[in-house]
1. For the range 123-139, give me the residue count where each residue is over 15 Å from residue 39 (Cβ atoms) and assigned to a strand (DSSP E or B).
2. Can you work out which of the residues in the range 78-98 that are among the polar types (S, T, N, Q) and surrounded by 19 or more Cβ atoms within 10 Å (Cβ to Cβ) is nearest to residue 121 (Cα to Cα)?
3. Look through the range 150-194, keep the residues that are of a type in the set (A, V, I, L, M, F, W, C) and away from the ligand (no atom under 14 Å from the Cβ), and return whichever of them is nearest to residue 123 (Cα to Cα).
4. For residue 91, state whether it is within 23 Å of residue 243 (Cα to Cα), in contact with a strand residue (DSSP E or B) (Cβ under 8 Å, 6 or more places away or on another chain) and within 14 Å of the ligand (Cβ to nearest atom).
5. State whether the residues of the range 137-154 include one that is more than 18 Å from the chain's Cα centre (by Cα) and at positive phi.
6. List every residue pair whose Cβ atoms sit under 6 Å apart, with the two residues 6 or more apart in sequence or on different chains, where the first one lies in the range 247-264 and is farther than 12 Å from residue 62 by Cβ and the second, anywhere, is loosely packed, with under 14 Cβ neighbours inside 10 Å.
7. Quick one: which residue in 200, 205 is within 17 Å of residue 106 (Cα to Cα) and either hydrophobic (A, V, I, L, M, F, W, C) or away from the ligand (no atom under 14 Å from the Cβ) (or both)?
Amino acid sequence: MFELDKNVRRLTKDEKKQYNDDGYITGLPVFADEASEDLDNLFHTLTSRLDKSIDLNQTNMWHKASISFYNLCRTPSILDYVEDLIGPNFYQWGGQFFLKEPKDGSVVPWHQDAQYWPLKPAKTVTVWLALYDTNEENGAMKIVKGSHKKGIYKHRINEAKHLVLDQEVPDEEIDEKDVISLNLKAGQISLHDDGLLHGSLANNSDRRRCGITMRFAPVNVKADLSVWPHFETQLARGKDKFKFNPIAKVPTGEATPIKKFQYSKEFEGQW
Ligand SMILES: O=C(O)CCC(=O)C(=O)O
C-alpha cells in the first residue's frame, strides 16, 4: 500500500453535518506527499494498457478488472471516511478515472448522478481521489453547495464531442454564489452525495488533471437491472444481509475495461 498521510483520521461531527447540509466534504488526507510518485506510476501502468482508440473517460468498473485498482479502493482510511457517512455495511459498485490532459478541451457538464443512476434509495457516496494536484487552473471538479436538497434538476441531452457526459443542467440554472471548486493535493480526497450538482471546466494548464472515483453505497441500495444489467457489487465493509444485487468477483490479476459497463466474468480470462 502507498504511504499514508500521517494526518489520516475519522470525520468530525462538523464534517458529517457539512456533508448532510452541503452535500460534500473536501481536502481529506489519505496518501502522503511521498506517495505522489506511486499514484503517478499507477496511473501510467493501468492506463497504458488501454488501446489508444479507447477514451479512458468512457471506461469504468476498474475495481472489477484490476487487482491494483481494487486494492487502492480498499485503503482502510478511505473506507473509514465512507463508513462515517453511510454506516458499517457498504459495497463498491463503480471505479473509474476522470482525466483531463493539458488543453485536451474536455468538460464535464453540470449534472446530478442520482438523476441517471437506477439505484434506490439514492445513497451512493463518491470518493474522488486526486492522483495529481488539482485546482481551478487544471479543471478541478466544482460542486453546487446544497443542491442535493433541491430535488432533481431538469437535464438536457448534449452530445457535443468535448463533453465527458451527454446530459447537462444548463449554466443558467446554476447559482454561481454556491459554486465551490474542490481543489485537492495529490493523495487527498473529496466526498460527494449522489444528488449534488457537479461538473468541471477544461484544463487550460500544462499540468495533467486526473482523479479516480470510487462509488460506495449501503447494502440496502438496490439496482434496477432492467436499466443496468451489468450492475454488480463487491462488499467493501461489514455484511450484506439483503443480498439485493449480483456480486462481482474480486480480481486476482490485471485486466483492462474497454467500456463503461462490463460483467466481472468478462475480465476473468485476462487474470
Ligand atoms: O472529475 C470530474 O470532473 C467529474 C467527476 C464526476 O462527474 C463524478 O465524480 O461523478
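1. Result for the range 123-139: 2.
2. Here the residue is 92.
3. The extreme case among them is 152.
4. Values: within 23 Å of residue 243 (Cα to Cα): yes; in contact with a strand residue (DSSP E or B) (Cβ under 8 Å, 6 or more places away or on another chain): yes; within 14 Å of the ligand (Cβ to nearest atom): no.
Here the answer is no, as residue 91 does not meet what is asked.
5. There is at least one residue in the range 137-154 that is more than 18 Å from the chain's Cα centre (by Cα) and at positive phi.
6. That search, which allows pairs on different chains as well, returns 252/271; 253/271.
7. On the way: 200 fails: either hydrophobic (A, V, I, L, M, F, W, C) or away from the ligand (no atom under 14 Å from the Cβ) (or both).
None of the other options fit; the residue is 205.
Bear in mind these aren't lab numbers, they're just calculated from the coordinates by the rules spelled out. What you see is a predicted model; the values in this text were computed from it and never measured. Neighbour counts are summed over all protein chains in view; Cβ atoms, including those assigned to glycine, are modelled from backbone coordinates with ideal geometry.
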